[in-house]
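Novice: A single structure is presented below for examination.
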Amino acid sequence: MLKLKLAELIDERGLNTRQLSKMTGIRWNTIADMAENKSKAWSPDNLHKIMIALELDHISQLIEYVKE
């Protein structure tokens, strides 16, 4: 299963989901669902905006594979 490491990244940077929402222009509810891994589909555009806002260099910093 693929999971986002978004909650950890937000915490590491001392941010919250509302702040990341403002930084990216992505709706707060969408960011919150992504951070809690409730979202079943991630738009490439949203992932790109998050990577830019959090200054990530590689997608593996944002997404991980976890065996079930």
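Novice: Select from the chain those trypsin sites (Lys or Arg not before Pro) which occupy a DSSP coil region and have at most 10 other Cβ atoms within 10 Å, ordered by residue number.
Specialist: LYS38, LYS40, LYS67
Novice: Between the DSSP loop rule and a limit of at most 10 other Cβ atoms within 10 Å, which chymotrypsin sites (Phe, Trp or Tyr not before Pro) in the chain are left?
Specialist: none
Novice: Follow-up question, since we're still on this one. If amide H atoms are built 1.01 Å from N in the plane of the peptide, which residues on other chains or at least 5 residues away come under 5 Å of the amide H of SER39?
Specialist: MET34
Novice: Related question: At 1.4 Å probe size, with every protein chain present, just tell me what the per residue accessible area of segment 2-65 comes to in Å².
Specialist: Accessible area per residue: 65 Å².
Novice: Taking the Cα centre of the chain as origin, sum charge times position over the Cβ atoms of Lys and Arg (+1) and Asp and Glu (-1), and report the length of that vector in debye to the nearest 20.
Specialist: Once rounded to the nearest 20, the dipole reads 260 debye.
Novice: Any chance you could tell me what percent of the C-alpha pair distances in the chain go past 13 Å?
Specialist: Within the chain, distances greater than 13 Å cover 60 percent of Cα pairs.
Novice: How many percent of the accessible area of segment 2-65 is carbon or sulfur, using a 1.4 Å probe?
Specialist: Result for segment 2-65: 50 percent of the exposed heavy-atom area is carbon or sulfur.
The values are calculated or read from the model by the stated rules, or taken from the named source; none is laboratory data. Just so you know, these numbers come straight off a predicted model, no measurement behind them. With ideal geometry, Cβ positions are generated from the backbone for all residues, glycine too; neighbour counts draw on all protein chains shown. Areas reflect the complete protein model, heavy atoms only, side chains present, ligands, DNA and RNA absent. Shrake-Rupley method; radii C 1.70, N 1.55, O 1.52, S 1.80 Å.
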